[in-house]
1. Could you identify the single residue in Val39, Val47, Val32, Val55 that is without any contact (Cβ under 8 Å) to a residue 60 or more places away in the chain and within 20 Å of Asp172 (Cα to Cα)?
2. State which residue pairs qualify: first residue without any contact (Cβ under 8 Å) to a residue 40 or more places away in the chain and farther than 18 Å from Ala120 by Cα and inside the range 93-106, second residue outside any helix (DSSP H, G or I) and β-branched (Val, Ile, Thr) in any location, beta carbons under 8 Å apart, and separation of 6 or more residues or different chains.
3. So if I check each of Phe156, Phe151, which one is farther than 26 Å from Arg30 by Cα and assigned to a strand (DSSP E or B)?
4. Given the conditions (1) surrounded by 15 or more Cβ atoms within 10 Å (Cβ to Cβ); (2) charged (D, E, K, R); (3) closer than 18 Å to Gly137 by Cα, and given that Asp27 satisfies all but one, which numbered condition is not satisfied?
5. How many of the residues in the range 126-159 are touching a helix residue (DSSP H, G or I) at 6+ places or on another chain (Cβ under 8 Å), modelled with pLDDT of 95 or more and of a type in the set (Val, Ile, Thr)?
6. Spot the failing condition for Val100; the list is (1) over 30 Å from Gly53 (Cα atoms); (2) β-branched (Val, Ile, Thr); (3) crowded, with 19+ Cβ neighbours inside 10 Å, and only one is missed.
7. Give me the strands (runs of 3 or more DSSP E) completely within the range 19-125, filtered to those with at least 2 residues that are at negative phi, in contact with a helix residue (DSSP H, G or I) (Cβ under 9 Å, 6 or more places away or on another chain) and β-branched (Val, Ile, Thr), ordered by residue number.
8. Kindly establish whether Phe116 is within 19 Å of Pro177 (Cβ to Cβ) and under 16 Å from the mean Cα position of the chain (by Cα).
Amino acid sequence: MRCFVAVELPSAMREEIGRLQSSIATDGLRLVKAELVHVTIKFLGDVPEENVGQVAEALGRVRFAPFPVRVLGMGAFPGRAVRVVWLGLTGNFQELYLNVEQALQPLGFTPDARGFSPHATLGRVARPDAEMNRRLGDKIANFAALDLGSFTVDRFYLKKSTLTPGGPIYEDLAGFPL
């Protein structure tokens, strides 16, 4: 099953994200449903069902203190050719990421070669081009100083993702309090 490790955003913040998304909606930008917006700590890919228990057990050994987070700014990856539009986050995500990586490495999960940049994906561009970059760049620039407020990360989740024609369906497989 397709799995990932994530931190959820508060529901009130997701409602605000839904309003923000309507401001950046552009032909060619596939918006993530506001109720599904989250912070991916580690994408695991396809995990055999019989191994999910081991993954959950390893994640359950992660010891980490709750930490404050602030949702600040909007940007895009990878830069010149916009592929992903995101919300930025401050907080101790890097340390949580390293702890999750360390817990999963003995199970054969290798660290992401791209490293980790805490963000919440708002939308993806299927076919980036110069015109799309210009249109999205103009809209994103309006939200560079965005401040959606703060919350405390006090848990993270092992999630299952089922891809469907109507978008992904996420299911919590296990939750881990900090």
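The values are calculated or read from the model by the stated rules, or taken from the named source; none is laboratory data. Just so you know, these numbers come straight off a predicted model, no measurement behind them. All Cβ positions, glycine included, derive from the backbone under ideal geometry; neighbour counts span all protein chains shown.
1. Details: Val39 fails: without any contact (Cβ under 8 Å) to a residue 60 or more places away in the chain; Val32 fails: without any contact (Cβ under 8 Å) to a residue 60 or more places away in the chain; Val55 fails: without any contact (Cβ under 8 Å) to a residue 60 or more places away in the chain.
Answer to the selection: Val47.
2. Close Cβ pairs (under 8 Å, with a partner that is outside any helix (DSSP H, G or I) and β-branched (Val, Ile, Thr)) amount to Asn99/Val62.
3. Working: Phe156 fails: farther than 26 Å from Arg30 by Cα.
Exactly one of Phe156, Phe151 is farther than 26 Å from Arg30 by Cα and assigned to a strand (DSSP E or B), namely Phe151.
4. (1)
5. Qualifying residue count for the region: 1.
6. (1)
7. On the way: elements: 29-31, 38-46, 67-77, 84-90, 119-125.
Counting at least 2 such residues, we get 38-46, 67-77.
8. Values: within 19 Å of Pro177 (Cβ to Cβ): no; under 16 Å from the mean Cα position of the chain (by Cα): yes.
The answer is no for Phe116.
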